[in-house]
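**Q** Before I ask anything, let me first share the structure, which is written out below as structure tokens.
Here, each number is a calculation from the coordinates, and none is a lab measurement. Keep in mind it's a predicted model, so treat the numbers as computed, not measured. Note: ideal-geometry Cβ built from the backbone for every residue, glycine included; neighbour counts use all protein chains shown.
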Amino acid sequence: MKKKWTVGTRGSKLALKQTEIVIQALKTLYPYNEFAVKIIKTTGDTIWDKPLHLIGGKGLFVKEIEDALLKNEIDMAVHSMKDLPSELENGLVIGAVLEREDPRDVFISSIHESIQDIREGSRIGTSSTRRKSQILHFRRGLEIVPLRGNVDTRIKKLHSHALDGIILAYAGVKRMGFDNFIKEVLPFEIMVPPSGQGAIGIETRDESDSVKLLMPLNHENTFHEVTIERELQSMIGGGCQVPLGINASIASNILTLHVVLGREDGEPLVKETCIEDVENAKNMMSRILRLIRDKQKCLPNQ
């Protein structure tokens, strides 16, 4: 097995922090190996004036990195699992998924102590169709303000955009050291996160050396949860153009599966929580898919 490895990543502050977490874990396991970082600019890193669902969705943060993997320019790539399309390029695999941070979203505000305090007319920052749908279902009549950028940039826009609050992923806020800004961690009853949120994944070529290297980093429970989420997302389709939240959690062989699908105006189409033995995961997903197909007919490619 070779001694020098090149790790690809986006250049955002959060991406670099997550790559640092991975490399530190690798150095602990392989102290005599060298791990070099290669920053790769993706299409999603060059377009900041439009919501992601209008310019292509999840693949915008992945394609150039996967191209580098396939061209042997890098040995592995660090991703937020929520950014990865449910189908990978041929020849690529998820070599490891680190133990997941809390997958929930958080409410950040300089005005309100709780999301319960927001009222009709409040200005809430998010560019996510999933968050927009669920927050409008929770409180009608809000003004949703498009919001993209690094975690710190979005927090600064609380004041520069005169926002009453913003909604971000807990994992990113915590990893960047901005926990003190969090007013409330949002329960699944209010906000179901997207598949993969909170988990760091490492993508690589389907080759024995890199796969073997990454194997000890894999957190089996998290890998299983994220696999279920990604499989159900693939079955439903639509990517981030669809207001879809999916979260799977496994404890003591029991799977709790939260799924919400709505419209951007806040009208929920499906909101389900299923709790069964994890061995029944396929049946649970099939039932949810049938329910979705029965209650709505507007998803792409359905």
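**Q** In nm, what is the difference between 0.36 nm times the number of residues separating Lys38 and Glu143 and their Cα-Cα distance? Present the calculation step by step, with values, prior to reporting the outcome.
**A** Values: separation 105, 0.36 × 105 = 37.80 nm, distance 3.96 nm.
Gain in length upon complete extension: 33.8 nm.
**Q** Now for a separate question. Ratio of Rg to Rh for the range 236-295, alpha carbon only, Kirkwood?
**A** On the way: Rg = 12.1 Å, Rh = 12.1 Å.
Reported Rg/Rh (Cα atoms, Kirkwood Rh): 0.99.
**Q** Also: What is the angle, in °, between the Cα long axis of helix 129-138 and the longest principal axis of the Cα atoms in the chain? Nearest 10 is fine, range 0 to 90.
**A** Compared with the principal axis, the helix lies near 30 degrees.
**Q** Starting from the 7 Å offset along Cα-to-Cβ, what nm value, one decimal, do you get for the label separation of Ile254 and Val185?
**A** Taking the simple label geometry, Ile254 and Val185 are separated by 1.9 nm.
**Q** So how strong a dipole does the chain carry about its Cα centre when Lys and Arg Cβ are +1 and Asp and Glu Cβ are -1, to the nearest 20 debye?
**A** Rounded to the nearest 20 debye, it is 640 debye.
**Q** With +1 on the Cβ of every Lys and Arg and -1 on the Cβ of every Asp and Glu, and nothing else charged, how large is the dipole of the range 113-169 about its Cα centre, in debye rounded to the nearest 20?
**A** On the way: 11 positive and 6 negative charges, 54 e Å.
Approximately 260 debye in magnitude.
**Q** Report the one residue of Met81, Ala199, Ser122 whose Cα lies farthest in the direction of the positive end of the charge dipole of the chain (charges on C-beta: Lys and Arg +1, Asp and Glu -1; origin at the Cα centre).
**A** Toward the positive end, the furthest listed residue is Ser122.
**Q** Okay, next question. Tilt of helix 151-160 relative to the longest C-alpha principal axis of the chain, in degrees (0 to 90, nearest 10)?
**A** Between helix and principal axis, roughly 30 degrees.
**Q** Taking the chain as the reference, fit the longest principal axis to its C-alpha atoms, fit the long axis of helix 13-29 to the helix C-alpha atoms, and give the angle between the two in degrees, 0 to 90, nearest 10.
**A** 40
**Q** Something else about it: Of Lys17/Lys156; Lys17/Lys63; Lys13/Lys282; Lys71/Lys157; Lys2/Lys82; Lys71/Lys212, which sit over 27 Å apart, Cα to Cα? Present the calculation step by step, with values, prior to reporting the outcome.
**A** Numbers: Lys17/Lys156 19 Å; Lys17/Lys63 20 Å; Lys13/Lys282 37 Å; Lys71/Lys157 39 Å; Lys2/Lys82 30 Å; Lys71/Lys212 20 Å.
Long pairs (Cα-Cα over 27 Å): Lys13/Lys282; Lys71/Lys157; Lys2/Lys82.
**Q** Estimate the FRET efficiency between Lys282 and Ser208 by the formula 1/(1 + (r/R0)^6), using the beta-carbon distance for r and 35 Å for R0, to the nearest 0.05. Walk me through the numbers before you get to the answer.
**A** Numbers: r = 29 Å, r/R0 = 0.84.
E between Lys282 and Ser208, to the nearest 0.05, is 0.75.
**Q** If you average the C-alpha positions of the range 184-225 and of the range 255-283 separately, how far apart do those two centres end up, in angstrom?
**A** So the separation of the two Cα centres works out to 19 Å.
**Q** What is the sum of charges, Lys and Arg at +1 and Asp and Glu at -1, for the other residues whose Cβ falls under 15 Å from the Cβ of Glu225? Each step should come with its number before you reach the end.
**A** Working: positive: Lys82, Arg100, Arg104, Arg230, Lys282; negative: Glu99, Glu101, Asp102, Glu220, Glu229, Glu231, Glu276, Asp277, Glu279.
Once all neighbours under 15 Å are counted, the net charge is -4.
**Q** OK, next. State, to one decimal in nm², a quarter of the convex hull surface area for the C-alpha atoms of the chain, i.e. the direction-averaged projected area.
**A** On the way: hull surface 61.8 nm².
Mean projected area for the chain: 15.5 nm², to one decimal.
**Q** Work out the FRET efficiency for Lys71 and Lys13 from their Cβ-Cβ distance, taking R0 = 22 Å, and round it to the nearest 0.05.
**A** 0.25
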